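Visitor: Below is one structure. I have some questions about it.
The values are calculated or read from the model by the stated rules, or taken from the named source; none is laboratory data. Everything quoted here is computed from the prediction, not taken from an experiment. Cβ sites come from the backbone with ideal geometry, for glycine too, and all protein chains shown count toward neighbours.
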Amino acid sequence: MKFLKGALIVLVACMFFFCEGAGGPGEVEVLHWWTSGGEAAAVAVLKEMLEEEGHTWKDFAVAGGGGDQAMTVLKSRAVAGNPPAAAQVKGPQIQLWGDEGVLTNLDDVAQAEKWDELVPKVVADIMKYQGHWVAVPVNVHRINWMWCNPEVFKKAGAKIPTTWAEFEDACKKIQAAGMIPVAWGGQPWQEATVFEIIVAGVGGTDFYKKALVDADPAALNSPTMVEVLKTFKMIKQYTDPGAPGRDWNLATAMVIKGEAGMQFMGDWAKGEFTAAGKVPNTDYVAAVAPGTSKQFIFNIDSFIMFKVQAKNEAAQKAMARLILQPKFQEVFNINKGSIPVRMGMPEGPFDAPARLAMKDFSETSKTGGLIPSMAHEMAVMPAIRGAIMDVVTNFYNSDLSAEDAAAQLADAVKAAK
Amino acid sequence: MQIPMRNKLQNPGILHRIENFLPKLVVIPTIAVAAVFIYGFIGWTTYISFTDSRLLPKYELVGFHQYVRLFTNFNLFPPESRWSVAVVNLLIFSVLFIVLCIIIGLLLAIFLDQRIRGEGFFRTIYLYPMALSFIVTGAAWRWILNPDLGIERLIQQLGFGDFTFRWLVDSNMAIYTIVIAAVWQSSGFVLALFLAGLRGIDDSIIKAAKVDGASLPRIYLRIVIPSLRPVFLSAVIILLHISIKSFDLVMVLTRGGPGFSTDMPATFMYAFAFNRGSLAFGAASAVIMFLAVMAIIIPYLYSELRGTRNAR
């Protein structure tokens, strides 16, 4: 009896010891704002996979404001010295968090899993701080899509445009047929989305990188930029007066209902078509925006990983590893409507627009046409993005000339640097 | 008479001591909370505005850098930088909002003061908008003014096909739609203030003026309105702080748009401090707003306090 009791005590002590040790199961607290139906289902997959490995997932979802609310919470937690294990932070903001010295180093997981081979270099560079992995990419959204209603084009006798000249021609025909050519959401981020698509389509990849990634004042105030701005403003006459302030999904609904011909929006718009029971290539066409067929403007969600207590490190590293596993990449991205950031995944389970995006993603990663989105916080620091967006939205909504707007762009970016 | 008094003072009861001590005890939490959450945070924001804080607060001072940035390209007519647009909008909004609210409120109060039938009914109707929050007002007016849903569509459907009313989506006119919604909301409140003032005027003065043969408009212009001076003062102070704080109405009605044409200092501060990771820059704009409020409130407090001292 005594022996048994003693053995039991030793056993319990061992269990406690292993629980406390770095190798045992731990807890990850994850801050994110994926709270809507499909998104929440997508996140739940990661939770299940983590729990299968014996770790605990502590959900820390902060809804609302496209992540603004979540960022405010994250800042206060970080200032208080109690950050969660992982938080949904993307683009150059990863560097800002790196500057604060609160991020953990994921190089060991990255090496074991060969992340550098799985993910294009442009993407990997965004996830690294001073050459070390500090964040894990989750999914890829393509921005330069044009969502078209083929019925509208048929009625107007127009064809889906592939150049900006064809685009204007199609707009005129649709307008003459009594429909709205372009479904426009008049909010600064949506206007900036169309603007950057035109920068890529009219200016080309190199110009895009100079103007919107390097924020080079010489490129921002150049004849090419003036041409871009003129093309951008040209669209305004083909939108309806109710556009200012409209939410993107209401604009998508106009295309779905056949009131409008096309909308420029990232691939999350697909979710609206699917929810309305529409089938790609029959009820709607996902075309690459005019002049950008060799380009892929990307918006990538990622998790940054904070330094955590030793007992939770294993759980955190497991989460980082699982995110780039094929199983999670497939299930998550089908639910979210995006494409896997891990290259070389089987296309089978994905729908037609996603397959096209996956093909272009891997092709452009070789040709250099893979470019980060300015409007979606992938390319420049928030202050510079804000400065560019202010000028763009002010130009679109006022009588400012394209030449003056280009000059203002350069000035505003210089002031924000 | 003096002896019993002294006896009482020599044996102050415990109740008496509590009576002395209790009021101080009760205000201490309020004072402590105000010291931290009002004055402490004013101090903290001011300090942050002199740093180069971006995403998170930093505490190394950089001087007036943020204020210099705030006032580069600062030109009010026509406004150039986003900050100058916000300042001009605040000026336009405050002046129109205060003047219109007072005119409409005063007129309604004078009409209601004519001892009309069903006064209580009308007073309730005019006061109801005040019971709504600016969020509700903003949402309702956003639909009313939307060219696809509201007035424009209604009148076009009535057969006037050429009718256009597109202030909400016109960047030069959008600021006036905010004035309309805000006046609709607040003029009933001003009415209540003036009505109380009117009821406080001594009837005999008005009767005396009538006996002297003064016409009704003359009585109002020369006697009633001048004697409402203190009501004007409180109405202006209350409306002024509503207009400087105006944030929710703008966020709901126009979201600062089209572009940033209806930005106000409060929405400007929010955008920079919380959306764009320029904490120090946002703090600098908040300090400027604070100074503007101080410039109005301090003379007011000064005149109020001097008034009470004279009264004693």
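Visitor: Does B:Pro57 fit the bill of being surrounded by 12 or more Cβ atoms within 10 Å (Cβ to Cβ) and within 22 Å of A:Gly386 (Cα to Cα)?
Guide: Judged against the criteria, B:Pro57 is a match.
Each row is one residue, and each column tells you yes or no for (1) farther than 20 Å from A:Gly266 by Cβ; (2) in the same structural domain as A:Phe332 (by TED's automatic domain parsing); (3) part of a helix (DSSP H, G or I).
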residue: A:Val123; (1), (2), (3): no, yes, yes
residue: A:Ile126; (1), (2), (3): no, yes, yes
residue: A:Val136; (1), (2), (3): yes, yes, no
residue: A:Glu151; (1), (2), (3): yes, no, yes
residue: A:Lys154; (1), (2), (3): yes, no, yes
residue: A:Lys159; (1), (2), (3): yes, no, no
residue: A:Ala165; (1), (2), (3): yes, no, yes
residue: A:Glu168; (1), (2), (3): yes, no, yes
residue: A:Lys172; (1), (2), (3): yes, no, yes
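Visitor: Please go through the stretch B:65-83 and pick out each residue that is loosely packed, with under 15 Cβ neighbours inside 10 Å and in contact with a Phe, Trp or Tyr (Cβ under 7 Å, 6 or more places away or on another chain).
Guide: B:Phe74
Visitor: Here are A:Val89, A:Val79, A:Val62: which of them is surrounded by fewer than 18 Cβ atoms within 10 Å (Cβ to Cβ) and within 14 Å of chain B (Cβ to nearest Cβ)?
Guide: A:Val79
Visitor: Got at least one residue in the stretch A:132-155 being within 14 Å of another protein chain (Cβ to nearest Cβ), touching a residue at least 40 places away in the same chain (Cβ under 8 Å) and closer than 30 Å to B:Ser261 by Cα? Reasoning before the result, please.
Guide: Here is the first cut: in the stretch A:132-155, the residues within 14 Å of another protein chain (Cβ to nearest Cβ) are none.
Checking the stretch A:132-155: not a single residue is within 14 Å of another protein chain (Cβ to nearest Cβ), touching a residue at least 40 places away in the same chain (Cβ under 8 Å) and closer than 30 Å to B:Ser261 by Cα.
Visitor: Just to verify a result, which residue in the stretch B:138-156, among those that are away from chain A (no Cβ under 11 Å) and surrounded by 20 or more Cβ atoms within 10 Å (Cβ to Cβ), is nearest to B:Gly256 (Cα to Cα)?
Guide: So the residue we want is B:Gly138.
Visitor: Turning to a different aspect of this structure: If you take the residues in the stretch B:262-277 that are in a loop (DSSP other than H, G, I, E, B) and at pLDDT 85 or above, which one is farthest from the other protein chains (Cβ to nearest Cβ)? Spell out the reasoning first.
Guide: We begin by selecting, within the stretch B:262-277, every residue in a loop (DSSP other than H, G, I, E, B); these are B:262-264, B:276-277.
Add one more test, that the residue is at pLDDT 85 or above, and what stays is B:262-264.
Numbers: B:Thr262: 10, B:Asp263: 9, B:Met264: 15 Å.
Here the answer is B:Met264.
Visitor: Now, a different point. Which of the residues that make up the stretch B:55-69 are in contact with a Ser or Thr (Cβ under 6 Å, 6 or more places away or on another chain) and under 21 Å from A:Asp411 (Cβ atoms)?
Guide: Within the stretch B:55-69, B:Gln66 is the sole residue that qualifies.
Visitor: If the requirement is being in a helix (DSSP H, G or I), more than 14 Å from every other protein chain (Cβ to nearest Cβ) and within 19 Å of B:Leu240 (Cβ to Cβ), which of these qualifies: B:Ala182, B:Ala209, B:Ala196? Can you show your working first?
Guide: On the way: B:Ala209 fails: within 19 Å of B:Leu240 (Cβ to Cβ); B:Ala196 fails: within 19 Å of B:Leu240 (Cβ to Cβ).
Criteria check complete, one pass: B:Ala182.
Visitor: Hey, among the residues in the stretch A:99-112 that are part of a helix (DSSP H, G or I) and surrounded by fewer than 19 Cβ atoms within 10 Å (Cβ to Cβ), which one's modelled with the lowest pLDDT?
Guide: Taking the stretch A:99-112 as the starting set, the residues that turn out to be part of a helix (DSSP H, G or I) are A:99, A:107-112.
Narrowing further to those that are surrounded by fewer than 19 Cβ atoms within 10 Å (Cβ to Cβ): A:99, A:107-108, A:111-112.
Working: A:Asp99: 87, A:Asp107: 93, A:Asp108: 92, A:Gln111: 92, A:Ala112: 91.
My answer is A:Asp99.
Visitor: Considering the stretch B:65-90 alone, what residues qualify as being assigned to a helix (DSSP H, G or I), more than 12 Å from B:Ser285 (Cβ to Cβ) and polar (S, T, N, Q)?
Guide: Filtering the stretch B:65-90 for residues assigned to a helix (DSSP H, G or I) gives B:65-70, B:82-90.
Filter again for more than 12 Å from B:Ser285 (Cβ to Cβ), leaving B:65, B:68, B:85, B:88-89.
Once the filter is applied, which keeps residues that are assigned to a helix (DSSP H, G or I), more than 12 Å from B:Ser285 (Cβ to Cβ) and polar (S, T, N, Q), the stretch B:65-90 yields only B:Asn89.
Visitor: Kindly evaluate B:Ala292 against the criterion of being within 30 Å of B:Lys58 (Cβ to Cβ) and in a helix (DSSP H, G or I). Even if it seems obvious, please write down each step before you answer.
Guide: Details: within 30 Å of B:Lys58 (Cβ to Cβ): yes; in a helix (DSSP H, G or I): yes.
It is true that B:Ala292 is within 30 Å of B:Lys58 (Cβ to Cβ) and in a helix (DSSP H, G or I).
Visitor: Quickly run through the stretch A:202-221 and pick out the residues that are in contact with a Phe, Trp or Tyr (Cβ under 8 Å, 6 or more places away or on another chain) and closer than 16 Å to A:Ala412 by Cα.
Guide: Initially, the stretch A:202-221 is screened for residues in contact with a Phe, Trp or Tyr (Cβ under 8 Å, 6 or more places away or on another chain), giving A:202, A:219.
Of everything in the stretch A:202-221, just one residue is in contact with a Phe, Trp or Tyr (Cβ under 8 Å, 6 or more places away or on another chain) and closer than 16 Å to A:Ala412 by Cα, namely A:Ala219.
Visitor: Continuing with the same structure: Can you name the residue in the stretch A:369-417 that is buried (at least 21 other Cβ atoms within 10 Å of the Cβ), in a loop (DSSP other than H, G, I, E, B) and facing chain B (nearest Cβ under 9 Å) and, of all such residues, is nearest to the chain's Cα centre (by Cα)?
Guide: Here the answer is A:Met381.
Visitor: Considering only residues that are over 16 Å from B:Leu253 (Cβ atoms) and within 11 Å of chain A (Cβ to nearest Cβ), which ones fall in the stretch B:157-171? Walk me through it before giving the result.
Guide: Here is the first cut: in the stretch B:157-171, the residues over 16 Å from B:Leu253 (Cβ atoms) are B:157-164.
Scanning the stretch B:157-171 gives a single hit, B:Thr164.
Visitor: Only residues in the stretch A:371-382 that are among the polar types (S, T, N, Q) count as the first member; pair them with residues that are in a strand (DSSP E or B), Cβ under 6 angstrom, at least 6 apart or cross-chain, and list the lot.
Guide: Filtered contacts from the stretch A:371-382: A:Ser373/A:Ile297; A:Ser373/A:Asn299.
Visitor: Looking at the stretch B:12-66, which of its residues are hydroxyl-bearing (Ser, Thr, Tyr) and free of Cβ contacts under 8 Å to residues at least 60 places away in the same chain?
Guide: Our first condition is that a residue be hydroxyl-bearing (Ser, Thr, Tyr); within the stretch B:12-66, this holds for B:30, B:39, B:45-47, B:49, B:51, B:53, B:59.
Correct list: B:Thr30, B:Tyr39, B:Tyr47, B:Tyr59.
Visitor: Yes or no: the stretch B:84-97 includes at least one residue that is surrounded by fewer than 17 Cβ atoms within 10 Å (Cβ to Cβ), away from chain A (no Cβ under 14 Å) and under 30 Å from B:Ile219 (Cα atoms).
Guide: Restricting attention to the stretch B:84-97, the residues satisfying the condition of being surrounded by fewer than 17 Cβ atoms within 10 Å (Cβ to Cβ) are B:91-92, B:95.
Among the residues that remain, those that are also away from chain A (no Cβ under 14 Å) are: B:91-92, B:95.
From the residues that got through so far, the ones that are under 30 Å from B:Ile219 (Cα atoms) too are B:95.
For the stretch B:84-97, residues surrounded by fewer than 17 Cβ atoms within 10 Å (Cβ to Cβ), away from chain A (no Cβ under 14 Å) and under 30 Å from B:Ile219 (Cα atoms): present.
Visitor: Could you please give the count of residues in the stretch A:348-367 that are of a type in the set (Gly, Ala, Ser) and at pLDDT 90 or above? Working first, answer last.
Guide: So the first thing to find is which residues in the stretch A:348-367 are of a type in the set (Gly, Ala, Ser), and the list is A:348, A:352, A:354, A:357, A:362, A:365.
From what's left, at pLDDT 90 or above: A:354, A:357, A:362, A:365.
Final tally of qualifying residues: 4.
Visitor: Next up: Inside the stretch A:174-265, counting only helices (runs of 4 or more DSSP H) that do not spill past its ends, which hold 2 or more residues that are in contact (Cβ under 8 Å) with a residue 24 or more places away in the chain and buried (at least 22 other Cβ atoms within 10 Å of the Cβ)? Walk me through it before giving the result.
Guide: Values: elements: A:188-198, A:205-208, A:217-220, A:223-234, A:248-256.
Because the criterion is at least 2 residues that are in contact (Cβ under 8 Å) with a residue 24 or more places away in the chain and buried (at least 22 other Cβ atoms within 10 Å of the Cβ), the helices (runs of 4 or more DSSP H) in the stretch A:174-265 that meet it are A:188-198, A:223-234, A:248-256.
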